Amino acid sequence: MTGDVSGKKDLHGIGAAVPDKMRAWVLGDPEELTLVDKPVPVPGRAEVLVRIDAVAICATDLEILTYGTPAMIEGGPPFNKNYTPGHEYMGTVAALGPGVDEFAVGDRVTVEIHAGCGQCKRCRMGMYTSCHNYGLNYGAQDKGHRANGFTTDGGFAEYAVNNINTLIRVPDAMSDEEATLVVTAGTSMYGLTELGGLVAGESVVVIGPGPIGLLAVAVAKALGAAPVILVGTRESRNAIGRELGADHVIDARNEDVVARVKELTGKGADYVVDCAGSEATVNQAVAMTNRGGKICLAAFPKNAVSFNLGALAVNNIYLYGIRGEGRSATHRAMAFMEAGRFDASLIHTHTFPLDDLPTALRYARERIDDAIKVVVSTRPGVPGGAKAG
Ligand SMILES: [Zn+2]
Ligand SMILES: [Zn+2]
């Protein structure tokens, strides 16, 4: 099988045609991205080279460009280190590292971000996204950890190297753009099932219709949660939440969110996923969760927030955080997406060519034209702008 490429597939730049150099965006000072020529990386043991076909922009990319964190290159800030950001990408296997027979050149794949060290306590528990050797992949400290686009080079480029544990096969019928959304859906899946233990028939409230929130609605609905309630303020996004399966949408601008959740659920929600992470939403989450319920924090508040901690104790409420995908939840998210249980592509709004990355970032940051997920494509001849159809 190795090296056997179907005649239907796009063969440019894979197998024997892998070039020595590639185009890649690199981060200089904050907000300063430059398109440069870089050597194409060479896959090591348990790794493949991926020809990147599409990469989605995440709010975390915007944060990295401005603040550096949560990216960390060689133990410090990522600025002026020839580092390429971007982590939500998909593509085609272009070359195999030594000993790899799990994938073949020509396979379409999408990626999750973290390859843990495999030897720390958390990796041994399967919690590789909480690896204790996070960011240790260089010099004498090389523990083999990778978080592509965070601690190693990522996807705003023509090629990247990935550990085989981070790869998910993409069905032929799925578009490049939809395949970039698997890691986002996988993050929502991990929060609800692997960490939260959600079972059918329990009520879920999602606060904040960003990409993770909207796909949390979709995943919760597909898992049989009932009712699924979305809290948001932007009508265009709330409408997508309804299409993805929200039974009820609460507009936080003109309704009492907590009172409405209690009215819809009786005693309060079994699960609340807070994708906003503001003081107001954390307090709403605590007040709307029923006794013995669970709150998943899926946002990164920049400042300390004040909330009624005692209410968690008195009501046996569990509070837990997620920093991203985990426990191979991406594979289960892909299973739902392949089966058409929800249409993740509803949150993809714009595509731009790789050369127009700065425009794509501006659309994502300023939410121009109601942008939600903006995708950058390396396919030749991609016109930039709103999604066709
Ligand atoms: Zn992301
Ligand atoms: Zn580890």
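Laboratory data are not the source of any read-out in this text; all were calculated from the coordinates shown. Predicted model, so just to flag it, every value in this text is computed and none were measured. Cβ atoms come from the backbone with ideal geometry, glycine included; neighbour counts cover every protein chain shown.
What does the charge count around residue 60 come to, taking other residues whose C-beta lies under 11 Å from its C-beta (Lys +1, Arg +1, Asp -1, Glu -1)? Charge balance near residue 60 sits at -2. Just checking the listed ones, 285, 299, 339: in the Gaussian network model of the chain with Cα springs under 10 Å, the one fluctuating most is 339. Ranking of 12, 348, 331 by neighbouring Cβ atoms within 10 Å, starting from the fewest: 12, 331, 348.
Amide H contacts of residue 72: 151, each under 5 Å away and 5 or more positions distant or on a separate chain (H built 1.01 Å from N in the peptide plane; Pro and chain starts excluded).
Could you order the peptides 106-115, 374-383 from most to least packed, using the average number of other C-beta atoms within 10 Å per residue?
106-115, 374-383
For residue 331 and residue 253, the difference between the fully extended length at 0.36 nm per residue and the C-alpha to C-alpha distance is 24.4 nm. For the chain, the number of Lys pairs separated by eight or more positions or lying on different chains, with C-alpha atoms closer than 21 Å, is 12. Sorting the segments 320-326, 93-99, 262-268, 302-308 by their residues' average number of neighbouring beta-carbon atoms within 10 angstrom, most packed first, yields 320-326, 93-99, 262-268, 302-308.
On the beta carbon distance between residue 138 and residue 165, with R0 = 22 Å, the FRET formula returns roughly 0.65. When you count the other C-beta atoms within 10 angstrom of each residue and take the mean per peptide, 156-166, 69-79, 351-361, 135-145 line up highest first as 156-166, 351-361, 69-79, 135-145. Taking other residues whose beta carbon is less than 12 angstrom from the beta carbon of residue 231, and scoring Lys, Arg as +1 and Asp, Glu as -1, yields 0.
Looking at the chain, the DSSP beta bridges with both ends there are about 55 percent antiparallel.
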